[in-house]
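Report on the following structure.
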Amino acid sequence: NDVNNRYLSYDEQMQFLNSIAQQYPNDVKLQKIGNSYEGRSLTAVRIGDDGSSKPIVWIDAGVHAREWISYNVALYLVYTIVSQPAYQDLLNAVQLVVVPNTNPDGYEYSRTNDRMWRKTRSRFSNGRCSGADANRNYPFFWGTQGVSHSQCSEIYCGSRPQSEPEVMALTNAIQREETRIKGYIALHSYGQEILYPWGHTMRTYPSDVQDLIQVGKAMAAAIRAVNNTDYNVVNSGDGLYPAAGASDDWAKSRGIKYSYTIELSPIDDYTGFSLPEDRINQVCREAFQAIQVLMIEVRSKF
Ligand code: 0X9
Ligand code: ZN
């Protein structure tokens, strides 16, 4: 299948998901959680949802349009975990919800108009520039640090918390089952980092930060075991930069214990967001191992 070796359009991503849902009707259910600003469907893939109340690991990808590898990692995860019988035991104990494309408008714009597009594509009243940074638009310390209130900025936080329909859809969907969600990963690129909260400011940590570091390191070790690729486990505020209104902080604030942002490969600024297609496969295999570790941790602790 294609997700290993090429970047797909939004329509191709949807076709891929539809064919998996048809092939594995017992394991995979597609759930529409809302629409993007331009009216594209936002789809959550529910894997191993048997109607029970087992814990959930929630994975979302591609809130930043130019971070193309994240979409492939999410699609690869869906395909691999349902097609390989070895993962059925894990899925019997832990449900997975994957939102492979949280910013389809931005993604299509980055494919056709501006490869380096990051934001959504919404229009604001008397605005000169389109789009907000959806990862500055979540309702937790919104608008405080590492954001801009200027519409033309790459880190424009929007006109108010959840001004972006994509963020509204995601927060609503997560809140509907937040007591069951025990793990959350937002897939981004690039930098090879596993980031843990808090990220809205520096030198501020959740009370259970040692648990987050421990599981973060287990994820990094699983990645390293694949091909010796190094991912650093760091606090997002200290190790990267403070940025408020991001999804990981919001998820943590809702009581989701293991909440992370993963900055996928590459690590170098020269390759940056333009990871060559022949490297997609390895990044997918590595990230898959990390996500499996999180699912196993959630199974053992909840
Ligand atoms: O700045 C971001 O939104 C993320 N990095 S990226 O280069 N993919 O744009 C990092 C977000 C980390 N989390 C928080 N600051 N809460
Ligand atoms: Zn990003």
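Exactly one of (1) surrounded by fewer than 16 Cβ atoms within 10 Å (Cβ to Cβ); (2) on the phi > 0 side of the Ramachandran plot is unmet by D208. Its number?
Against the list (1) surrounded by fewer than 16 Cβ atoms within 10 Å (Cβ to Cβ); (2) on the phi > 0 side of the Ramachandran plot, D208 comes up short only on (2).
Out of T171, T201, T102, I need the residue that is of a type in the set (S, T, Y) and within 16 Å of ligand 2 (Cβ to nearest atom). Which one?
Residue meeting the stated conditions: T102.
Which one of Y258, Y205, Y231 is within 16 Å of ligand 1 (Cβ to nearest atom) and touching a Gly at 6+ places or on another chain (Cβ under 6 Å)?
That would be Y258, the only listed residue that is within 16 Å of ligand 1 (Cβ to nearest atom) and touching a Gly at 6+ places or on another chain (Cβ under 6 Å).
Just the residues that are under 19 Å from L17 (Cα atoms), more than 16 Å from ligand 1 (Cβ to nearest atom) and hydrophobic (A, V, I, L, M, F, W, C), please, taken from the stretch 36-72.
L42, A44, V45, I47, V57
Enumerate the strands (runs of 3 or more DSSP E) found wholly within the stretch 170-287, keeping only those where 3 or more residues are touching a residue at least 60 places away in the same chain (Cβ under 8 Å) and within 28 Å of Y107 (Cα to Cα).
Values: elements: 181-189, 193-196, 232-235, 258-264.
Once the strands (runs of 3 or more DSSP E) in the stretch 170-287 are filtered for at least 3 residues that are touching a residue at least 60 places away in the same chain (Cβ under 8 Å) and within 28 Å of Y107 (Cα to Cα), what remains is 181-189, 193-196, 258-264.
Select, from E154, E178, the only residue that is within 16 Å of ligand 2 (Cβ to nearest atom) and not β-branched (V, I, T). So that I can check it myself, show each step before the final result.
Values: E178 fails: within 16 Å of ligand 2 (Cβ to nearest atom).
Only one candidate passes the filter, namely E154.
Can you tell me which residues in the stretch 172-196 are within 15 Å of ligand 1 (Cβ to nearest atom) and more than 30 Å from Y270 (Cβ to Cβ)?
Y184 - this is the single residue of the stretch 172-196 that is within 15 Å of ligand 1 (Cβ to nearest atom) and more than 30 Å from Y270 (Cβ to Cβ).
In this structure, is S274 within 15 Å of ligand 2 (Cβ to nearest atom), within 23 Å of P161 (Cα to Cα) and modelled with pLDDT of 95 or more?
no
Which of the following residues is over 30 Å from Y24 (Cβ atoms), away from ligand 2 (no atom under 16 Å from the Cβ) and at pLDDT 95 or above: W142, W58?
Details: W58 fails: over 30 Å from Y24 (Cβ atoms).
Sole residue among the options that is over 30 Å from Y24 (Cβ atoms), away from ligand 2 (no atom under 16 Å from the Cβ) and at pLDDT 95 or above: W142.
Assuming A86 fulfils every condition listed in (1) under 21 Å from V293 (Cβ atoms); (2) assigned to a loop (DSSP other than H, G, I, E, B); (3) without any contact (Cβ under 8 Å) to a residue 40 or more places away in the chain apart from one, which condition is it?
(2)
The values are calculated or read from the model by the stated rules, or taken from the named source; none is laboratory data. Just so you know, these numbers come straight off a predicted model, no measurement behind them. Positions of Cβ are generated from backbone atoms using ideal geometry, with glycine treated the same way; all protein chains shown enter the neighbour counts.
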